[in-house]
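Peer 1: This is the structure I have questions about; it appears just below.
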Ligand code: UDP
């Protein structure tokens with residue numbers, strides 16, 4: 001595989017074409033942004049840590065029956081991934097109430113509902129990734145009802161697998177965001193990162209936050225925390 005030119009640059013990742021039309025290289029950057037770009041910083045080593053964490057978790061999901069776009073890690077901060085047709089929806093899976101759900105419904109962070117909660121959001125910063133429902137997604141032509149049902153099923157399975165492996169690392173999976181794509185055969189594929197930027201992770205023993213909330217809420221030790229998450233997951237999966 002040869003890495004070719006830069007195809008797309010986002011806030012935290014770059015995507016490069018390769019000599020294989022069906023694969024891209026995703027490079028994780030050290031840049032951190034929050035609140036739609038209002039807060040920005042560079043966090044040394046974040047790209048490498050996020051690449052390592054995402055590679056371990058996506059590889060684990062691939063091996064346990066959840067198809068993802070991840071193929072292999074090709075550098076400290078780079079992954080080889082399958083090209084998919086991206087669906088512009090964000091699925092948020094919540095095990096514990098936190099963040100925007102706590103705020104929107106006036107609930108205390110840390111409440112543990114008996115069921116798993118799935119939010120559906122339309123991806124698009126201009127509108128602020130608005131919360132929508134299945135009917136909106138179908139009306140917008142983004143996915144069929146059948147596909148949405150499968151998306152929730154795959155998300156639930158990924159949630160159980162991730163909860164299990166993170167529990168072994170002493171980490172509670174509070175919530176996470178994932179996106180999906182369709183492969184050449186139309187199969188749904190989890191096509192996203194799984195990192196402390198996109199998952200809320202709490203230290204099970206102390207309740208300490210081990211995710212991007214450290215950056216969002218100025219809690220300090222962001223770099224050290226991402227390194228600790230990578231180390232703990234590696235101890236379980238490597
Ligand atoms: N999340 C994300 N990208 C988004 C929105 C949310 O990765 O555009 C993640 C976020 O890091 C958290 C989960 O999804 O782990 C739920 O986020 P929430 O809706 O609570 O929003 P927040 O208050 O974190 O912005």
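Peer 1: Can you list the strands (runs of 3 or more DSSP E) found entirely within region 1-56 that contain at least 1 residues being buried (at least 16 other Cβ atoms within 10 Å of the Cβ)? Talk me through it step by step, then tell me what you get.
Peer 2: Details: elements: 3-9, 13-18, 23-28, 31-34, 39-42.
In region 1-56, the matching strands (runs of 3 or more DSSP E) lie at 3-9, 13-18, 23-28, 31-34.
Peer 1: The conditions are (1) assigned to a helix (DSSP H, G or I); (2) in contact with a strand residue (DSSP E or B) (Cβ under 7 Å, 6 or more places away or on another chain); (3) surrounded by fewer than 22 Cβ atoms within 10 Å (Cβ to Cβ), and residue 223 fails exactly one of them. Which is it?
Peer 2: The failed condition is (2).
Each row is one residue, and each column tells you yes or no for (1) within 14 Å of the chain's Cα centre (by Cα); (2) within 27 Å of residue 35 (Cβ to Cβ).
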{"residue": "148", "(1), (2)": "no, no"}
{"residue": "162", "(1), (2)": "yes, yes"}
{"residue": "171", "(1), (2)": "no, yes"}
{"residue": "174", "(1), (2)": "yes, yes"}
{"residue": "192", "(1), (2)": "yes, yes"}
{"residue": "200", "(1), (2)": "yes, yes"}
{"residue": "211", "(1), (2)": "yes, yes"}
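Peer 1: Give me the helices (runs of 4 or more DSSP H) completely within region 97-212, filtered to those with at least 2 residues that are away from the ligand (no atom under 13 Å from the Cβ) and touching a residue at least 40 places away in the same chain (Cβ under 8 Å), ordered by residue number. Break it down stepwise before answering.
Peer 2: Numbers: elements: 99-105, 134-139, 145-168.
Of the helices (runs of 4 or more DSSP H) lying wholly inside region 97-212, those with at least 2 residues that are away from the ligand (no atom under 13 Å from the Cβ) and touching a residue at least 40 places away in the same chain (Cβ under 8 Å) span 145-168.
Peer 1: Among the numbered conditions (1) crowded, with 16+ Cβ neighbours inside 10 Å; (2) in a helix (DSSP H, G or I); (3) within 15 Å of the ligand (Cβ to nearest atom), tell me where residue 61 comes up short.
Peer 2: (3)
Peer 1: Has region 228-235 got at least one residue that is within 19 Å of residue 100 (Cα to Cα), out of contact with any helix residue (DSSP H, G or I) (no Cβ under 6 Å at 6 or more places or on another chain) and modelled with pLDDT of 95 or more? Give the derivation first.
Peer 2: Just the residues of region 228-235 that are within 19 Å of residue 100 (Cα to Cα), to begin with: none.
Checked against the condition, which is being within 19 Å of residue 100 (Cα to Cα), out of contact with any helix residue (DSSP H, G or I) (no Cβ under 6 Å at 6 or more places or on another chain) and modelled with pLDDT of 95 or more, region 228-235 yields no hits at all.
The values are calculated or read from the model by the stated rules, or taken from the named source; none is laboratory data. The structure presented is a predicted model; accordingly, all values stated were derived computationally and were not measured. Here Cβ is always computed from backbone atoms with ideal geometry, including for glycine, and neighbour counts include all displayed protein chains.
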